[in-house]
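Student: Can you read through this structure? Questions will come right after.
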Ligand code: 13P
């Protein structure tokens, strides 16, 4: 039997929103989604707005995350933010290894590994992003790339660590391009990921693993993607910047599990 999992809908606001705008957006999400317990909603604002968003969602089921973290708890690391500081600011989740960080800021599978370990040490739930470039997809290297990323950054974790990680498959060619993976393309990779998890940690861990899809998710493609067996929710960029589209996606994800 397929385990019953709550869909996870996470909004990665990237480098958008002032503190005041973040408060308004979080407030609108709270209003539009009162007391829903069947889904896990995570708002991921820029660092400067984390505390404000935390305050705005307090008393609700909505969780807050950060977009990156450093692997040390404290020290002379100018410009970095530690897991300890994220916990204090009110984060439960942290995105690690987003393709924009890999592309522009030199993030590697090794730094993803270090950051994931640090996050787990401080009881932050890592949302670890993996995904292939367009060139890799066109050369038939998608699955190799995914396997490689998982082996280098995550499969070094023991079972108790791994079961606290959320995965996000984000094909780079689908991010911010308006060109989402088709449900079949997403399912192929999610199924492959679950299979790799099963070989490393066993079937039960694989069945309960949460694998999100990210890349041009919108209210009008969310239902068909969410209906795929191995798609457990979404990591949303552009469409999370407006409450209406973000809530629309969340409703479609819920519809997929209720149907
Ligand atoms: P878009 O939804 O804007 O394509 O971004 C996806 C993403 O990068 C989420 O982390």
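Student: Is it the case, given these coordinates, that residue 137 is without any contact (Cβ under 8 Å) to a residue 60 or more places away in the chain and more than 20 Å from residue 162 (Cα to Cα)?
Tutor: Details: without any contact (Cβ under 8 Å) to a residue 60 or more places away in the chain: yes; more than 20 Å from residue 162 (Cα to Cα): yes.
Considered against the rule, which asks whether it is without any contact (Cβ under 8 Å) to a residue 60 or more places away in the chain and more than 20 Å from residue 162 (Cα to Cα), residue 137 comes out as yes.
Student: Another question about this same structure. Do the conditions hold for residue 43, that is, is it closer than 24 Å to residue 170 by Cβ, assigned to a helix (DSSP H, G or I) and within 16 Å of the ligand (Cβ to nearest atom)? Give the derivation first.
Tutor: On the way: closer than 24 Å to residue 170 by Cβ: yes; assigned to a helix (DSSP H, G or I): no; within 16 Å of the ligand (Cβ to nearest atom): yes.
It is false that residue 43 is closer than 24 Å to residue 170 by Cβ, assigned to a helix (DSSP H, G or I) and within 16 Å of the ligand (Cβ to nearest atom).
Student: Further, regarding this structure: Which residue, of 204, 177, 182, is more than 16 Å from the ligand (Cβ to nearest atom) and either under 24 Å from residue 118 (Cα atoms) or surrounded by fewer than 24 Cβ atoms within 10 Å (Cβ to Cβ) (or both)? Give the steps one after another, and end with the answer.
Tutor: Working: 177 fails: more than 16 Å from the ligand (Cβ to nearest atom); 182 fails: more than 16 Å from the ligand (Cβ to nearest atom).
Testing whether each residue is more than 16 Å from the ligand (Cβ to nearest atom) and either under 24 Å from residue 118 (Cα atoms) or surrounded by fewer than 24 Cβ atoms within 10 Å (Cβ to Cβ) (or both) leaves just 204.
Student: Sort out which residues of region 121-144 are more than 21 Å from residue 232 (Cα to Cα) and away from the ligand (no atom under 16 Å from the Cβ), and write them in order of number. Let's see the steps before the verdict.
Tutor: So in region 121-144, the residues more than 21 Å from residue 232 (Cα to Cα) come out as 121-123, 133-141, 144.
Result: 121, 122, 123, 135, 136, 138, 139, 140, 141, 144.
Student: Condition test on residue 112, is it closer than 16 Å to residue 48 by Cβ and within 16 Å of the ligand (Cβ to nearest atom)? Before the answer, list the steps.
Tutor: Values: closer than 16 Å to residue 48 by Cβ: no; within 16 Å of the ligand (Cβ to nearest atom): yes.
Spelling it out, it is not the case that residue 112 is closer than 16 Å to residue 48 by Cβ and within 16 Å of the ligand (Cβ to nearest atom).
Student: When you go through (1) touching a helix residue (DSSP H, G or I) at 6+ places or on another chain (Cβ under 7 Å); (2) more than 16 Å from the ligand (Cβ to nearest atom); (3) part of a helix (DSSP H, G or I) one by one for residue 228, which number turns out not to apply?
Tutor: Against the list (1) touching a helix residue (DSSP H, G or I) at 6+ places or on another chain (Cβ under 7 Å); (2) more than 16 Å from the ligand (Cβ to nearest atom); (3) part of a helix (DSSP H, G or I), residue 228 comes up short only on (3).
Student: Among the residues of region 231-259, what is the count of those that are part of a loop (DSSP other than H, G, I, E, B) and touching a strand residue (DSSP E or B) at 6+ places or on another chain (Cβ under 6 Å)? Steps first, please.
Tutor: Pass one, region 231-259, residues part of a loop (DSSP other than H, G, I, E, B): 231-232, 237, 241-242, 259.
Add one more test, that the residue is touching a strand residue (DSSP E or B) at 6+ places or on another chain (Cβ under 6 Å), and what stays is 231-232, 237.
Looking only at that region, the number is 3.
Student: Would you tally the residues in region 185-201 being over 19 Å from residue 224 (Cα atoms) and either within 16 Å of the ligand (Cβ to nearest atom) or touching a strand residue (DSSP E or B) at 6+ places or on another chain (Cβ under 6 Å) (or both)?
Tutor: 1
Student: Please find, among 22, 26, 10, the residue that is surrounded by 15 or more Cβ atoms within 10 Å (Cβ to Cβ), out of contact with any strand residue (DSSP E or B) (no Cβ under 8 Å at 6 or more places or on another chain), modelled with pLDDT of 95 or more and not in a loop (DSSP other than H, G, I, E, B). Write out each step before concluding.
Tutor: Working: 26 fails: out of contact with any strand residue (DSSP E or B) (no Cβ under 8 Å at 6 or more places or on another chain); 10 fails: out of contact with any strand residue (DSSP E or B) (no Cβ under 8 Å at 6 or more places or on another chain).
Answer to the check: 22.
Student: Keeping to region 198-221, report how many residues are assigned to a helix (DSSP H, G or I) and either within 20 Å of the chain's Cα centre (by Cα) or without any contact (Cβ under 8 Å) to a residue 40 or more places away in the chain (or both).
Tutor: Here is the first cut: in region 198-221, the ones assigned to a helix (DSSP H, G or I) are 198-201, 203-208, 219-221.
When the remaining residues are screened for being either within 20 Å of the chain's Cα centre (by Cα) or without any contact (Cβ under 8 Å) to a residue 40 or more places away in the chain (or both), the result is 198-199, 203-208, 219-221.
Qualifying residue count for the region: 11.
Student: From 64, 95, grab the single residue that is under 18 Å from the mean Cα position of the chain (by Cα), in contact (Cβ under 8 Å) with a residue 60 or more places away in the chain, assigned to a strand (DSSP E or B) and buried (at least 22 other Cβ atoms within 10 Å of the Cβ). Even if it seems obvious, please write down each step before you answer.
Tutor: Values: 64 fails: in contact (Cβ under 8 Å) with a residue 60 or more places away in the chain.
Sole residue among the options that is under 18 Å from the mean Cα position of the chain (by Cα), in contact (Cβ under 8 Å) with a residue 60 or more places away in the chain, assigned to a strand (DSSP E or B) and buried (at least 22 other Cβ atoms within 10 Å of the Cβ): 95.
The values are calculated or read from the model by the stated rules, or taken from the named source; none is laboratory data. All values derive from a computational prediction rather than experimental measurement. Cβ sites come from the backbone with ideal geometry, for glycine too, and all protein chains shown count toward neighbours.
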